[in-house]
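Student: Submitted below is the structure of interest, expressed as structure tokens.
Just so it is clear, none of the values below were taken in a lab; they were calculated from the coordinates. Everything quoted here is computed from the prediction, not taken from an experiment. When we count neighbours, we look across all protein chains shown, and the Cβ atoms used for this are built from the backbone with ideal geometry, even at glycine.
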Amino acid sequence: MRKAMLPRIAAAGLMVLLASQEPLLAQEEAQRAQPASLRVEVVAGETQQAVADAEVKIHLESTEIEFSRTGWTKEDGAAVFSEVPRGKIRLQVIHKDWQTHGEFFVLNQAQQTARVILKKD
């Protein structure tokens, strides 16, 4: 009789474990669905001086959503993007006096900053 009860107990324990994970998964899914704000700070050279007028391109690497935007840095070297879907982002920074920079990163917070250091051409 004990041997017959073990599979039932194990199955019941598994069901409790899975049921307890549902709220966490739903909460994570809801956070991912919320768009984020991304600030890209662009600096260059050994002094890491702010770079104005750099072209900043972002592209969401997703098969479900198409999202791309282009912006330019201001005098403080920053470009700000709002309403960006969370996920893996391809970031590209282009400026005529510096090497083009490209990288991937994960946007997973409501407000996030990416710092880019450009190198001399």
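Student: Search the structure for amide H atoms under 5 Å from the amide H of residue 86, placed 1.01 Å from N in the peptide plane, and list their residues when 5 or more places away or on another chain.
Tutor: 36
Student: If each of residue 94 and residue 46 carries a label point 7 Å out from its Cα toward its Cβ, how far apart are those two points in nm?
Tutor: For residue 94 paired with residue 46, the spin-label model returns 3.0 nm.
Student: Report the percentage of all Cα-Cα pairs in the stretch 35-118 whose separation exceeds 17 Å, rounded to a whole percent.
Tutor: Roughly 40 percent, rounded to a whole number.
Student: Expressed in nm to one decimal, what extension gain is obtained for the pair residue 80 and residue 108 from 0.36 nm per residue of sequence separation less their Cα-Cα distance?
Tutor: 8.5 nm
Student: Another question, then. Tell me which lysines have Cα within less than 28 Å of residue 74's Cα, excluding those fewer than 8 residues away on the same chain?
Tutor: Candidates past the 8-residue exclusion: 57, 88, 96, 119, 120.
Student: Quick one: 3J(HN,Hα) in Hz for the stretch 64-75, Karplus 6.51/-1.76/1.60 with θ = phi - 60°, rounded, Gly and Pro as x.
Tutor: The phi angles translate into 8, 10, 9, 8, 9, 9, 10, x, 10, 6, 8, 4 Hz.
Student: Give me a comma-separated list of calculated 3J(HN,Hα) values for the stretch 49-60, in order, Karplus coefficients 6.51, -1.76, 1.60 applied at θ = phi - 60°, integers in Hz, x for any Gly or Pro.
Tutor: 7, 4, 10, 8, 6, 8, 7, 10, 10, 10, 9, 7
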